[in-house]
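One structure is given here, and the rest of the page talks about it.
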Amino acid sequence: MHPVKIIGVGDDGANGLFPTYRQWIEEADTLVGGERHLAFFPESSADRIPIKNGLHKVLERIDRARHHGRVVVLASGDPLFYGIAGLIARKLGQEHVEVHPHLSSLQLAFARMKESWQDAVVESVHGRKLEGLAQRIDGKEKVALLTDAANAPSAIARYLIRFGMTEYRAFVAENLGGERERCGWWELEEMAEASFSPLNIVILKRKSDADPPRWGLGIDDHEFAQRKPDKGLITKKEVRVLSLSEMRLAPDSVVWDIGAGSGSVSVEAARMAPYGQVFAIEKNEADLSNIEANKMKFRADFSVIHAKAPDGLDQIPNPDAVFIGGSGGELRELLQVCCDRLKPGGRIVVNAATLETLHQTREGLHESGFNTRVTMVQTARSKPILNLTRLEGFNPVFIIVGWR
């Protein structure tokens, strides 16, 4: 039985392939690939399996075909770089697959840009949502983006402008290696209005004179947009930092922020879990505009749900961490839902300003079989008084942590 040969192809088709690769394609009994790739070899008499929607069926056909003859799979560029080769190897077994890469679109784009790329961050929005991209690339000097028809360069530019990320210029490389190749630099405002070939890659580079904002863990309270005249209804920085540490977030954590208020916890959680999902649930309509403003300012692209929890929770994924900064009075019911939905190893963190909330939270967590730990936090900040300095104290807050 012959191994399945997966061959990377550029936009120049057969002309860019080694003679050996062209011979393998000519001798193939079954040729697999996207319609664009198959069209490069009209003279082939092999059976053709087009790669369309439903990869599972395509993989099954490849598996059957390899028992009856030579199978060649055509893929774009390097088939192991966001390509199909890894999936085929897992399905058939690595011992039944050979991978023969072409130059990747990333290599070619940086070659046209005439810059090194070992220091670049690579992100793909091909077949994926743009949501969450802001916090993943914020602060990065050089970012390469793999695109698709929906997430075209113009859509990416509009997204970046929305989050105020105008410190970047963009290099767009289209139809790399083909007769219609076009490469060039764009300002985001120009790129947002332009049209591009569907086959492109976008490289963002921070301008040398740019001075983008930098936010570490524990953003100062006054930096957040907050409700007026009740300004100050926010999870204070010191309590927020300790609560986030108790949540033990991973880069891909799913987080529920219930009673989000200004969204301060959601903002910091999204920046700590850039490859995860953060859901800010808030019942007060007046707070929603502040949450949106804080999302843009701090480049934290998370989901906002206008609902009184536990309403709205049934439509979102199970969490790795839950933060409850406020509830509408149904705390026990809410805790039950959170305990039932929490993923294994997850944690629930509740902030309580009253002894009654502390008691209800501990009782509710214990009823669901959770362990608990309580930390009382009482902080004070310096405040000038004439030519002297005094400490202004804040009310104590109980941080309750629950885990199985």
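The values are calculated or read from the model by the stated rules, or taken from the named source; none is laboratory data. In this text, all values refer to a predicted model and were calculated from it rather than measured experimentally. Backbone-built Cβ (ideal geometry, glycine too); neighbour counts: all protein chains shown. SASA here: full protein model, heavy atoms, side chains in, ligands and nucleic acids out. Shrake-Rupley method; radii C 1.70, N 1.55, O 1.52, S 1.80 Å.
How many residues does the range 356-369 contain that are touching a strand residue (DSSP E or B) at 6+ places or on another chain (Cβ under 8 Å) and either charged (D, E, K, R) or open to solvent by 60 Å² or more (accessible area, probe 1.4 Å) (or both)?
Going through the range 356-369 one residue at a time, the tally reaches 2.
Six or more apart or on different chains, Cβ atoms under 6 Å: show the pairs whose first residue is in the range 233-259 and under 19 Å from ILE291 (Cβ atoms) and whose second is modelled with pLDDT under 95 and of a type in the set (A, V, I, L, M).
Every condition considered, the pairs that remain are ILE258/ALA309.
In the range 23-35, which residues are assigned to a helix (DSSP H, G or I), crowded, with 16+ Cβ neighbours inside 10 Å and of a type outside the set (A, V, I, L, M)?
Across the range 23-35, the qualifying residue is only TRP24.
May I ask you to list the residues in the range 360-404 that are closer than 15 Å to GLU246 by Cβ, assigned to a strand (DSSP E or B) and β-branched (Val, Ile, Thr)?
Correct list: THR372, VAL374, THR375, VAL377, VAL397, ILE399, ILE400, VAL401.
Assigned to a loop (DSSP other than H, G, I, E, B), at positive phi and open to solvent by less than 60 Å² (accessible area, probe 1.4 Å): does that describe GLY83?
no
Collect the residues in the range 17-38 that are touching a residue at least 24 places away in the same chain (Cβ under 8 Å), under 12 Å from LEU74 (Cβ atoms) and over 34 Å from the mean Cα position of the chain (by Cα), keeping them in residue-number order.
LEU17, TYR21, TRP24, ILE25, ALA28, THR30, LEU31
Kindly provide the set of residues from the range 290-338 that are free of Cβ contacts under 8 Å to residues at least 60 places away in the same chain, open to solvent by 60 Å² or more (accessible area, probe 1.4 Å) and within 23 Å of the chain's Cα centre (by Cα), ordered by number.
Once the filter is applied, which keeps residues that are free of Cβ contacts under 8 Å to residues at least 60 places away in the same chain, open to solvent by 60 Å² or more (accessible area, probe 1.4 Å) and within 23 Å of the chain's Cα centre (by Cα), the range 290-338 yields GLU292, HIS306, ASP314, GLN315.
Go through (1) under 24 Å from the mean Cα position of the chain (by Cα); (2) modelled with pLDDT under 95; (3) under 24 Å from GLN378 (Cβ atoms) for ILE234 and report which single condition fails.
(1)
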